[in-house]
Amino acid sequence: MRISLVIPTWNAGPVFQEVVDAVNALEGVVFAELVAIDSGSTDGTVEVAKRAGFEVVPIPQREFDHGATRDRGIEHTTGDFIVLLVQDATLQGADWLEKMVAPFSDPDVAGVWCRQIPRPDCQPVLDRRIRGWPGRGEVVSKKQLEGGQKLSDLKPFDQLMHSAFDNVASVVRRTVWQRFRLGPRRFGEDVYFGKRVIEAGLAIAHQGEAAVIHSHDRTAWSEGKRTFCDHRNLHGLFGLVGIATRKSLKNAVKDSTEEHVAYVKSLNLPPEKEGPALEWTKAYCKWQCWGQYLGAKAGANPPGLKGVFFRWLGKKLERGIG
């Protein structure tokens, strides 16, 4: 089994050394290639990658595209399986890769993804959300359509749960990637890949026994922008609408704020931590709900002036979203 690894990079910061050290600490692994496809880093990321044995493929920052950039990285590899990793996801355990490739013993498995464990600075409500997604626990689970079933036969949320895939830390089968390339795709290239392989009758496996350390210390506003991009993508792929009306939006903000504030208070954090966490949580609930509401409307791609507005809004909000 020949395996390659691809990481898109751009000013990865100090944590990148931790990431490449974890890659090189894997036991019993000789990668066919280690490739970092870099969008113009100026902070020493390139030097860290080269010292760790990576081939660095430079691209202009303006050409970065979540799907197409990963495709370009994969084109520089020859492995039968390709590990896709982000620059701030730290592999847990020297046997991480062994666990990740195990589900490929089933020839229908097109890709495998794993659990994420938040970093210590993660906001409490995000910590809970990350640890709970996708709700399959610490076991291996597989999603595949049953004989004769079509993905479109399922409700939108069930379509998503069948197609869920995450390139924070994943492995894809090369022969499947050759059929279903990741891009061009500005956002959500992973679930776009998942949907197409599920529609083709193949399977996606979630390896709950493997994990990476990964989360972001973002502002609540930045989380809202990301939610907008997520739900624009999910409506376009599956017709998923989480919050359909202004009345539902108002209720969602109220209900989610009550729920999440109560959760943060239940943690009995020290006052100097609880206060900021509660303020962040209240803002997060507001912007997350607005992101779901407006994202679905943008994903519907309405005609006329509404469409012009949502395309303009989308370009504004997707800036800086990684």
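The values are calculated or read from the model by the stated rules, or taken from the named source; none is laboratory data. A quick note: this is a predicted structure, and the numbers were derived from the prediction, not measured. Heads up, the Cβs are rebuilt from the backbone with ideal geometry, glycines too, and the neighbour counts pull from every protein chain shown.
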Note on the range 264-285: residues closer than 19 Å to ASP217 by Cβ and of a type outside the set (A, V, I, L, M, F, W, C) are PRO270, GLU272, LYS273, GLU274, GLY275, PRO276, GLU279, THR281, LYS282, TYR284
Subset of the range 242-264, residues touching a helix residue (DSSP H, G or I) at 6+ places or on another chain (Cβ under 7 Å) and either touching a residue at least 60 places away in the same chain (Cβ under 8 Å) or farther than 27 Å from ALA298 by Cα (or both), comes to HIS260, VAL261, TYR263, VAL264
Quick check: anything in the range 72-83 under 19 Å from the mean Cα position of the chain (by Cα), over 29 Å from ASN11 (Cα atoms), outside any loop (DSSP other than H, G, I, E, B) and outside the structural domain of LEU267 (by TED's automatic domain parsing)? no
Failed condition for GLN116, given (1) modelled with pLDDT of 95 or more; (2) out of contact with any helix residue (DSSP H, G or I) (no Cβ under 7 Å at 6 or more places or on another chain): (2)
Per the filter on the range 201-239, residues closer than 15 Å to PHE165 by Cα and either without any contact (Cβ under 8 Å) to a residue 12 or more places away in the chain or not in a helix (DSSP H, G or I) (or both) are LEU202, ALA203, ILE204, ALA205, HIS206, GLN207, GLY208, ALA210, ALA211, VAL212
Members of the range 160-182 found to be more than 13 Å from LEU202 (Cα to Cα), surrounded by fewer than 20 Cβ atoms within 10 Å (Cβ to Cβ) and either touching an Asp or Glu at 6+ places or on another chain (Cβ under 8 Å) or among the β-branched types (Val, Ile, Thr) (or both), listed by number: VAL168, ARG174, ARG181
Among the residues of the range 12-63, the number that are modelled with pLDDT under 95 and surrounded by 16 or more Cβ atoms within 10 Å (Cβ to Cβ) is 1
Can you name the residue in the range 23-48 that is more than 22 Å from the chain's Cα centre (by Cα) and outside any loop (DSSP other than H, G, I, E, B) and, of all such residues, is nearest to GLY183 (Cα to Cα)? GLU33
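Quick grid of which residues meet (1) at pLDDT 95 or above; (2) closer than 19 Å to ALA203 by Cα; (3) surrounded by fewer than 16 Cβ atoms within 10 Å (Cβ to Cβ); (4) not assigned by TED's automatic domain parsing to the domain that holds VAL29:
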{"position": "TRP96", "(1), (2), (3), (4)": "yes, no, no, no"}
{"position": "ALA110", "(1), (2), (3), (4)": "yes, yes, no, no"}
{"position": "SER141", "(1), (2), (3), (4)": "yes, yes, yes, no"}
{"position": "GLY148", "(1), (2), (3), (4)": "no, yes, yes, no"}
{"position": "ASP158", "(1), (2), (3), (4)": "yes, yes, yes, no"}
Selection status of ALA210, at pLDDT 95 or above, touching a Lys or Arg at 6+ places or on another chain (Cβ under 7 Å), over 22 Å from LEU151 (Cβ atoms) and buried (at least 21 other Cβ atoms within 10 Å of the Cβ): yes
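Applying the selection to the range 126-160, what residues are free of Cβ contacts under 8 Å to residues at least 60 places away in the same chain, assigned to a loop (DSSP other than H, G, I, E, B) and closer than 25 Å to ALA296 by Cα?
Across the range 126-160, the qualifying residues are TRP133, GLY135, LYS150, LEU154, LYS155.
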